[in-house]
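The values are calculated or read from the model by the stated rules, or taken from the named source; none is laboratory data. Fair warning: this is a prediction, and the values are worked out from it, not measured in the lab. All Cβ positions, even for glycine, are placed from backbone atoms using ideal geometry, and neighbour counts span all protein chains on display. Side chains included, ligands, DNA and RNA excluded: accessible areas come from the protein's heavy atoms. Shrake-Rupley method; radii C 1.70, N 1.55, O 1.52, S 1.80 Å.
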Amino acid sequence: MTVADLSTTDRYPTRGSDSALIDRTDPTVWPGVSTGPATREELAAHDAKGFHVVEGLLSPAEVQTYWQELERLTRDEDVRNDERTIVERTSDEVRSIFEVHRISPLIGELARDPRVLDRARQILGSDVYVHQSRINYMPGYRGTGFYWHSDFETWHAEDGMPAMRAVSISIALTDNYPFNGGLMIMPGAHRTFVSCAGETPEDNYKSSLKSQEVGVPSEDDITKLAYEHGIEQFTGPAGSALWFDSNCMHGSGNNITPYPRSNIFIVFNSVENALVEPYAAKSPRPSHIASRDFTPLTR
Ligand code: 6CS
Ligand code: FE
């Protein structure tokens, strides 16, 4: 298929006048890479549920190293003033730093670590590149979560991602408890694309990365999916990692406890799934949110 074909054959139309539920027509675990750290059972769980957890991906010493890197970045005035840094509306605290794998050489190495890179290649069945990376600081007391959404719906509509051939890893750098804003996810809902009603406003990303108002599923659709699939929560000690498919239905609550919830979040996209023109936005988002450097990531 040429790029023009890809951009015209839209299997996942969204941001029109109505919402709809559309069956997924992409694999979850793609054929093509037979070796890597993921076991057959892990890949089977990922295929069935849309996610799987790797306990203890990072050792306690590594968690400490990355936690110190997070602290260093938040104290760095240049980083705080960088357009790639999002601050909390209410407290002016750093909420997210995008393209962190380029800002921090340490985190850039983590993206290439075989424990991470090789598992992404196994799931996506090809060479991969980083579509997006961010550090999420959900501070205690004032951390705000994200309403239910599919990342792929945004990446398709606003970044021009053709197929569901991207996978995210969220690496916990603090303990994730059920009560400090842990990620909630619907097992199996990744097999349904939730088309969202409502046109994409100009420069939507300037607000959507603090609170998403567009590309939000209808309550009816969320209710249907929740009753069919249930809801699980990613909890676990610092160092654990959640791998989840681009089309997982997920969200997180606010954090009013004293316990911060911070993670490193890296999205890998297949080099076979390079971005084209946005499917439902006038112009593509900036490259620090959706990379257009499709060079395969190598160790
Ligand atoms: O828009 C995005 O790309 C980001 N937004 C959310 C709520 N999750 C995924 C992604 O980092
Ligand atoms: Fe998300």
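Structural remarks
- Residue pairs whose Cβ atoms lie under 8 Å apart, sitting 6 or more positions apart in sequence or on different chains, and linking a residue in segment 153-179 that is closer than 19 Å to ALA274 by Cβ to a partner that is aliphatic (A, V, I, L, M) and modelled with pLDDT under 95, are PRO162/LEU6.
- Contact map, segment 208-231: residues that are on the phi > 0 side of the Ramachandran plot paired with residues that are at pLDDT 95 or above and within 16 Å of ligand 1 (Cβ to nearest atom), Cβ distance under 7 Å, separation 6+ or inter-chain. Pairs shown: GLY215/ARG15; GLY215/HIS149; GLY215/GLU153; GLY215/THR154; GLY215/ALA157; GLY215/CYS196; GLY230/MET186.
- Residues in segment 159-190 that are under 20 Å from VAL216 (Cβ atoms) and touching a Lys or Arg at 6+ places or on another chain (Cβ under 8 Å): ASP159, MET164, GLY181, HIS190.
- Meets criteria (within 22 Å of the chain's Cα centre (by Cα), open to solvent by 70 Å² or more (accessible area, probe 1.4 Å) and within 26 Å of LEU275 (Cβ to Cβ)) for ASP23: yes
- Elements of type strands (runs of 3 or more DSSP E) in segment 51-158, at least 2 residues being within 16 Å of ligand 1 (Cβ to nearest atom) and either touching a Lys or Arg at 6+ places or on another chain (Cβ under 6 Å) or open to solvent by less than 50 Å² (accessible area, probe 1.4 Å) (or both): 85-87, 94-98, 128-138
- VAL100 being among the aliphatic types (A, V, I, L, M), within 19 Å of MET138 (Cβ to Cβ) and over 18 Å from the mean Cα position of the chain (by Cα): no
- Apart from one condition, PHE268 fits all of (1) more than 15 Å from ligand 1 (Cβ to nearest atom); (2) within 19 Å of the chain's Cα centre (by Cα); the exception is (1).
- Scanning segment 284-299 for residues that are open to solvent by 30 Å² or more (accessible area, probe 1.4 Å) and more than 13 Å from ligand 1 (Cβ to nearest atom), we see that the one that is nearest to GLU71 (Cα to Cα) is ARG299.
- Checking each residue in segment 174-186 for being more than 14 Å from ligand 1 (Cβ to nearest atom) and either within 16 Å of the chain's Cα centre (by Cα) or among the β-branched types (Val, Ile, Thr) (or both) picks out THR174, GLY182, MET186.
- All positions within segment 183-236 that are among the hydrophobic types (A, V, I, L, M, F, W, C), open to solvent by less than 20 Å² (accessible area, probe 1.4 Å) and in a helix (DSSP H, G or I): ALA189, ILE222, LEU225
- Residues considered: GLU213, GLU199, GLU228, GLU219. Of these, the only one that is out of contact with any strand residue (DSSP E or B) (no Cβ under 6 Å at 6 or more places or on another chain) and within 16 Å of ligand 2 (Cβ to nearest atom) is GLU213.
- Residue count, segment 250-260 (criterion: more than 10 Å from ligand 2 (Cβ to nearest atom) and crowded, with 22+ Cβ neighbours inside 10 Å): 1
- Every residue from segment 1-20 that is open to solvent by less than 70 Å² (accessible area, probe 1.4 Å), among the charged types (D, E, K, R) and either modelled with pLDDT of 95 or more or touching a strand residue (DSSP E or B) at 6+ places or on another chain (Cβ under 8 Å) (or both): ASP10, ARG15
- Some residue of segment 261-283 being part of a loop (DSSP other than H, G, I, E, B), on the phi > 0 side of the Ramachandran plot and either at pLDDT 95 or above or surrounded by fewer than 19 Cβ atoms within 10 Å (Cβ to Cβ) (or both): no
- A Cβ distance below 8 Å, combined with a sequence gap of six or more or placement on separate chains, defines the contacts here; from segment 261-281, residues that are among the acidic types (Asp, Glu) reach residues that are outside any strand (DSSP E or B) in the pairs GLU272/SER126; GLU272/ARG165; GLU277/SER7; GLU277/GLY160; GLU277/PRO284.
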